[in-house]
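Structure, as structure tokens:
The values are calculated or read from the model by the stated rules, or taken from the named source; none is laboratory data. Predicted model, so just to flag it, every value in this text is computed and none were measured. Glycine gets a Cβ as well: all are built from the backbone with ideal geometry, and neighbour counts include every protein chain shown. Surface areas here come from the heavy atoms of the whole protein model, side chains and all, with no ligands, DNA or RNA. Shrake-Rupley method; radii C 1.70, N 1.55, O 1.52, S 1.80 Å.
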Amino acid sequence: MKHVPDRLHPRTLEALPKTVARYAYPREKLKTGIVHLGLGAFVRAHMAAINEVTLHAHFDLRWGIVGVSLRQPDTRDALLEQDGLYTLSLRHTSASGEARQQLQVIGCLSQVLVAPEDPGKVIRLIAAVDTRIVSLTVTEKGYCHNPAQGTLQWEHPDIVHDLDHTQTPRSAIGFIVRGLQQRYLTHGLPLTLMSLDNLPSNGHVLSRLVLDFAQKIDPALAQWIEARCTFPNSMVDRIVPRTTEADRTNIDATLGLRDAWPVIAETFNQWIIEDKFVRERPAWALGGAQFVESAAAWETLKLRMVNGTHSAIAYLGSLAGWLTVDQAMSQPELVAFLDALMCEEIEPTLPELPSLDLAAYRQSLLVRFTNRALAHRTQQIAMDGSQKIPQRWLNTIRYCQTHQRLYPKLALGLAAWIQYLGGTDALGNKYKIQDPLANVLQTTLRHAEAAVLKGTDQTPTHLARQQVQALIGLQQIFSDLKDDTDLITAVAQQLVSLRTQGVVQTLSTHLSR
Ligand code: CS2
């Protein structure tokens with residue numbers, strides 16, 4: 001019979017090999033100081049890891065985290081049997097090219113809730129006196145906003161629902177505002193609300209959405225939030241690929257125990273956050289967080305350099321059939337292209353950061369992307385393009401236009417995204433487009449194609465131009481750029497090249513200039 005290992009749990013910790021790090025503070029005494037909405041892998045590998053260092057250093061047990069999944073019960077189901085414990089596997093590739101990992105059992109997640117099962121409990125927790133911080137990683141689409149404008153989508157089904165159902169919200173914004181309302185109506189203690197998503201001025205975006213919603217239900221509440229609560233902006237950076245079954249098996253083998261919900265990450269971890277907390281906060285600097293007056297320049301740097309190039313790898317790689325980022329990075333044409341993309345088109349658009357060596361930052365980024373121990377799937381990054389592209393590429397393009405700079409490499413990124421939306425890679429493999437606007441995007445492309453097929457000019461150049469024009473015409477993504485003929489021309493040219501010459505050849509044309 002197959003041996004089934006015991007589950008990772010406080011009572012089985014003793015069985016772990018010495019090489020596995022684990023918590024050493026009296027975990028059973030943890031209080032809930034932080035409520036986190038959107039309990040994906042990212043926050044468990046990022047904020048929780050930094051928080052864990054702090055707990056160890058000071059034994060300040062006010063800072064336990066309650067994680068809230070807004071939809072699925074899978075995280076709770078897995079972690080319930082482990083009393084919230086999970087393993088963080090930090091992976092790097094050794095100088096000799098071998099994948100290495102260091103395991104650590106994280107203890108600061110004290111409870112996991114599934115919001116739809118008991119929405120009232122989530123509201124009460126946000127309103128609890130001990131709760132000082134509410135943080136979020138709900139991904140771009142979880143804000144129910146128009147990414148191009150940063151405004152709430154009043155017609156979003158969850159927002160419509162949440163305005164009507166005061167006790168059973170569904171959206172992150174709905175939960176936050178109802179929780180704040182309960183605080184306001186009871187003890188009145190303020191709260192710090194902290195977005196950890198990849199949005200420019202994520203704190204400002206969150207505050208605007210929360211205030212808009214609050215204003216609609218009670219202007220006095222909105223006034224109170226504005227006067228008493230804070231929304232620090234922050235930049236977060238750690239690559240966290242989705243955990244696979246193979247990862248789990250491999251981690252279990254080292255643990256000698258079964259962990260059904262481990263997380264994987266690179267060793268690099270960065271968190272730059274504005275020091276605007278209304279009440280106490282954990283001493284996160286001990287875990288590497290940097291507190292600053294303004295995070296704006298850091299956010300711009302990260303979104304354009306890390307995420308901008310990541311998305312380029314994702315679409316070009318998915319099209320070429322390169323399944324993982326490190327596999328894509330083994331293509332010399334792509335590496336040279338990314339280096340030039342950053343150097344020539346992104347870096348000149350960045351705000352001044354006197355303490356930063358930009359060339360070293362670029363080089364280290366290229367090294368991070370080659371980490372084969374992560375096996376980060378290009379398709380994972382490719383998802384939700386409509387929500388990511390505005391902040392990753394379009395602001396850079398706007399800057400280039402204003403300063404009369406050409407941007408052929410960013411145009412190739414956009415062309416790759418459009419081609420990617422066709423759903424088939426260069427090897428003929430089909431894949432599904434995961435994007436809240438998938439239908440709109442694909443229908444737009446199909447209609448443009450059908451119109452071309454009815455006309456007299458059916459050349460690839462005309463087809464590409466018509467499709468690019470139709471897609472860029474989507475106001476909710478491209479906003480003021482929607483009729484921009486320079487942009488349309490630049491992208492259409494790259495799309496024709498991708499379709500006629502393929503990814504590698506097209507990349508080469510960018511290098512021979
Ligand atoms: C990635 C990010 O999936 C994606 O869109 O670009 O999750 C990226 O790995 C992180 O932002 C790195 O900090």
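Looking only at the stretch 199-237, filter to residues that are assigned to a loop (DSSP other than H, G, I, E, B) and closer than 21 Å to GLU293 by Cβ; which one of those is farthest from the ligand (Cβ to nearest atom)? Ranking the candidates gives CYS229 first.
Starting from residues that are more than 16 Å from the ligand (Cβ to nearest atom) and part of a helix (DSSP H, G or I), keep the ones in the stretch 396-408 and report whichever is surrounded by the fewest Cβ atoms within 10 Å (Cβ to Cβ). Spell out the reasoning first.
Residues of the stretch 396-408 more than 16 Å from the ligand (Cβ to nearest atom): 397-408.
Filter once more, keeping what is part of a helix (DSSP H, G or I): 397-402, 408.
Working: ILE397: 25, ARG398: 17, TYR399: 18, CYS400: 20, GLN401: 15, THR402: 9, PRO408: 19.
Here the residue is THR402.
Screening PRO116, PRO73 for residues that are out of contact with any strand residue (DSSP E or B) (no Cβ under 6 Å at 6 or more places or on another chain) and either surrounded by fewer than 22 Cβ atoms within 10 Å (Cβ to Cβ) or modelled with pLDDT under 95 (or both) leaves exactly one candidate, PRO116.
For residues in the stretch 77-102 being outside any strand (DSSP E or B) and open to solvent by less than 40 Å² (accessible area, probe 1.4 Å), which is farthest from ARG22 (Cα to Cα)?
The first filter runs over the stretch 77-102 and keeps only residues outside any strand (DSSP E or B), leaving 77-85, 94-98.
With the extra rule that they be open to solvent by less than 40 Å² (accessible area, probe 1.4 Å), the set shrinks to 78-79, 82, 84-85, 94, 97.
Working: ALA78: 19, LEU79: 16, GLN82: 14, GLY84: 13, LEU85: 10, SER94: 24, GLY97: 28 Å.
Once the filter is applied, the top-ranked residue is GLY97.
For VAL367, the criteria (1) open to solvent by 50 Å² or more (accessible area, probe 1.4 Å); (2) over 29 Å from GLN101 (Cα atoms); (3) within 16 Å of the ligand (Cβ to nearest atom); (4) of a type outside the set (Gly, Ala, Ser) hold in every case but one, which is (2).
The set of residues in the stretch 240-286 being within 16 Å of the ligand (Cβ to nearest atom) and either small (Gly, Ala, Ser) or more than 18 Å from TYR86 (Cα to Cα) (or both) consists of ALA265, PHE268, ASN269, GLN270, TRP271, ILE272, ILE273.
Here VAL122 fits the description: under 15 Å from ALA172 (Cα atoms) and in contact with a strand residue (DSSP E or B) (Cβ under 6 Å, 6 or more places away or on another chain).
Can you pull out every residue in the stretch 181-198 that is among the charged types (D, E, K, R) and within 16 Å of the ligand (Cβ to nearest atom)?
Just the residues of the stretch 181-198 that are among the charged types (D, E, K, R), to begin with: 183, 197.
Of everything in the stretch 181-198, just one residue is among the charged types (D, E, K, R) and within 16 Å of the ligand (Cβ to nearest atom), namely ASP197.
Would you check which residues across the stretch 227-252 are among the small types (Gly, Ala, Ser) and closer than 15 Å to VAL263 by Cα and list them?
Of everything in the stretch 227-252, just one residue is among the small types (Gly, Ala, Ser) and closer than 15 Å to VAL263 by Cα, namely ALA246.
Against the numbered list (1) touching a helix residue (DSSP H, G or I) at 6+ places or on another chain (Cβ under 7 Å); (2) closer than 21 Å to GLN391 by Cα, GLN215 comes up short only at (2). For the stretch 218-227, the count of residues that are outside the structural domain of LEU301 (by TED's automatic domain parsing), under 24 Å from the mean Cα position of the chain (by Cα) and in contact (Cβ under 8 Å) with a residue 12 or more places away in the chain is zero.
Quick one: how many residues across the stretch 103-146 are free of Cβ contacts under 8 Å to residues at least 24 places away in the same chain and either hydrophobic (A, V, I, L, M, F, W, C) or not in a loop (DSSP other than H, G, I, E, B) (or both)? Working first, answer last.
Keep residues of the stretch 103-146 that are free of Cβ contacts under 8 Å to residues at least 24 places away in the same chain, which gives 118, 121.
Still in the running and either hydrophobic (A, V, I, L, M, F, W, C) or not in a loop (DSSP other than H, G, I, E, B) (or both): 121.
Number satisfying all stated conditions: 1.
For the criterion of being of a type in the set (A, V, I, L, M, F, W, C) and assigned to a loop (DSSP other than H, G, I, E, B), ILE433 passes.
Scanning the stretch 409-422 for any residue that is over 18 Å from LEU303 (Cα atoms), open to solvent by less than 10 Å² (accessible area, probe 1.4 Å) and aromatic (Phe, Trp, Tyr) turns up at least one such residue.
Of the residues in the stretch 40-54, none is in contact with a strand residue (DSSP E or B) (Cβ under 7 Å, 6 or more places away or on another chain), open to solvent by less than 10 Å² (accessible area, probe 1.4 Å) and in a strand (DSSP E or B).
Candidates are the residues of the stretch 12-36 that are among the polar types (S, T, N, Q) and within 32 Å of the chain's Cα centre (by Cα); the one that is nearest to GLY179 (Cα to Cα) is THR32. Restricting attention to the stretch 370-385 and to residues that are surrounded by 22 or more Cβ atoms within 10 Å (Cβ to Cβ) and within 16 Å of the chain's Cα centre (by Cα), the residue that is nearest to the ligand (Cβ to nearest atom) turns out to be ILE381. The sole residue among GLY413, GLY423 that is touching a strand residue (DSSP E or B) at 6+ places or on another chain (Cβ under 8 Å), at pLDDT 95 or above and under 22 Å from VAL504 (Cβ atoms) is GLY423. Residues in the stretch 349-364 that are away from the ligand (no atom under 16 Å from the Cβ) and open to solvent by less than 40 Å² (accessible area, probe 1.4 Å): 3 in all.
Taken as a whole, the condition of being assigned to a helix (DSSP H, G or I) and over 17 Å from THR192 (Cβ atoms) applies to ARG248. Annotation note: of THR137, THR151, THR166, the sole residue that is surrounded by 17 or more Cβ atoms within 10 Å (Cβ to Cβ) and not aliphatic (A, V, I, L, M) is THR137. Do the conditions hold for ALA464, that is, is it in a helix (DSSP H, G or I), farther than 30 Å from MET329 by Cβ and in the same structural domain as MET329 (by TED's automatic domain parsing)? Taking the combined requirement at face value, the residue does not satisfy it.
All of (1) crowded, with 18+ Cβ neighbours inside 10 Å; (2) modelled with pLDDT under 95 hold for PRO262 with one exception: (2).
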